[in-house]
Amino acid sequence: MKKLNPATIQKIAIFAPNKPFFGAILVQFPFFLLLRKVFPTAQIKIWSPTGTSNLILKNNLADEIELYHKSKSYAKTLRSLRSFAPNLLINLRHQSEITHLLSAASGAKFRIGIISTKWQKSVYQYSIFNDTSCYRALLYLDILEGFLEKQGLYTVPEEKFEAFKNLDIHSVSTSKLKLNEAENQICLLIGGGEGEHKRWGIENFVELAKLILKVESSTNFVFLVGSAEDNDLPFIEKELSSNQFQIIKNAEVREIISILKQCRVTIANDCGPSHAAQMLEGNYISVWGWQNQHPYQRIGEWFLSRENSSTIVAHYKKSIKTISPKRVFSYAKNTLDD
């Protein structure tokens, strides 16, 4: 493998994954944080098929984005890529044959990528096969860490998400994030951007809250929501007392991190902010159904398995909404007792 001098890496091109959802972008944050750390002066440009990747720019983890699907011409994309003249290209979009071909023709001296077939291996100086049993954030880190370690530029740490955990430091208004006074802070993540099949349902979440209040009366439930959850808010306000909950809407990534750090446990659907909770590695409980998905296949890619995290899956081929609040409560009570 060619040896890389970090000082010569002034332009980095990234082919981003194509999922447009908040969580799919969030799991790329540790990768970009490491890229910034190792190449602090390099210009980082993202080629993405989704405008949601702007979230990475908004958090100063890249410098420019090009939405290449809007050009409707891969020849135009290649001209743009070669004009940028990257020293290093990283392809995270393993399923796209086109991005592998574009990578090969990019002119980049160093090319690394996540691949799906053997022929794609010839495109890159360093590559790894896509692994659907690996949590996405770890997979994206693996391709960069493995390359840097081979180059003798990096020693892979045991703590993978330290930079992500510190994103909120000195960067958010503490007054905006002040939580209600309570002995226990519990975050409930009720969204599900991919569709209703992801949502456990506000009735279940509120019933769970009531069960917890019976044994832990000094609890404040923090609902992190977006605009898609507007219809759920009146039900929360009707069923819970104002001193038992607070609703925080449309929080920024750094604000989400700050809030979750203050919570004793997070209970969630498979949703975008749940990945912040997972990468913070606090107590975490997630619920999954079978409708429109095979949950155990998705869990491999979108659930970070560790000692203080749990998955609760509906009975075979049943909707997520059939999971009873009592079943989730038993997991939550064990966590609170610990």
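The values are calculated or read from the model by the stated rules, or taken from the named source; none is laboratory data. Small disclaimer: the values here were computed from a predicted structure and weren't measured. Because the Cβ atoms are built from the backbone with ideal geometry, glycine has one as well, and the counts that use them run over all protein chains shown.
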Please go through segment 110-144 and pick out each residue that is of a type in the set (D, E, K, R), closer than 23 Å to residue 11 by Cα and either modelled with pLDDT under 95 or under 19 Å from the mean Cα position of the chain (by Cα) (or both). 142
Out of 74, 135, 124, which single residue is under 18 Å from residue 28 (Cβ atoms) and aromatic (Phe, Trp, Tyr)? 135
Condition met for residue 144 (in contact with a helix residue (DSSP H, G or I) (Cβ under 9 Å, 6 or more places away or on another chain), on the phi < 0 side of the Ramachandran plot, in a helix (DSSP H, G or I) and not aromatic (Phe, Trp, Tyr)): yes
For segment 81-100, what are the residues that are in contact with a Phe, Trp or Tyr (Cβ under 9 Å, 6 or more places away or on another chain) and either at pLDDT below 95 or within 20 Å of residue 24 (Cα to Cα) (or both)? 90, 91, 92, 93, 94, 96, 98, 99
Return yes when residue 308 is modelled with pLDDT of 95 or more, within 18 Å of residue 187 (Cβ to Cβ), out of contact with any Cys (no Cβ under 6 Å at 6 or more places or on another chain) and surrounded by fewer than 16 Cβ atoms within 10 Å (Cβ to Cβ) and no when it is not. yes
Name every residue in segment 170-214 that is in a helix (DSSP H, G or I) and at pLDDT below 95, in order of residue number. 196, 197, 198
I'm trying to understand the selection: among the residues of segment 61-78, which are surrounded by fewer than 16 Cβ atoms within 10 Å (Cβ to Cβ) and at pLDDT 95 or above? 63, 64
Give me a count of the residues in segment 264-289 that are out of contact with any Leu (no Cβ under 8 Å at 6 or more places or on another chain), within 19 Å of residue 336 (Cβ to Cβ) and in contact (Cβ under 8 Å) with a residue 60 or more places away in the chain. 1
The one condition in (1) within 27 Å of residue 75 (Cβ to Cβ); (2) touching a helix residue (DSSP H, G or I) at 6+ places or on another chain (Cβ under 8 Å); (3) among the aliphatic types (A, V, I, L, M) that residue 137 fails to fulfil: (1)
When segment 311-323 is checked residue by residue, the ones that are closer than 22 Å to residue 186 by Cα and touching a residue at least 40 places away in the same chain (Cβ under 8 Å) are 320, 321, 323
If we scan segment 191-210, do we find a residue that is of a type in the set (Phe, Trp, Tyr) and more than 20 Å from the chain's Cα centre (by Cα)? yes
Which residues, taken from segment 250-260, are closer than 19 Å to residue 231 by Cα and either at pLDDT 95 or above or buried (at least 16 other Cβ atoms within 10 Å of the Cβ) (or both)? 251
Among the numbered criteria (1) more than 19 Å from residue 53 (Cβ to Cβ); (2) outside any loop (DSSP other than H, G, I, E, B), which one does residue 153 miss? (2)
Condition check for residue 45: modelled with pLDDT of 95 or more, within 21 Å of the chain's Cα centre (by Cα), assigned by TED's automatic domain parsing to the domain that holds residue 126 and surrounded by fewer than 16 Cβ atoms within 10 Å (Cβ to Cβ): no
Scan segment 218-243 for residues that are surrounded by 19 or more Cβ atoms within 10 Å (Cβ to Cβ) and touching a residue at least 40 places away in the same chain (Cβ under 8 Å) and jot them down. 220, 222, 224, 232
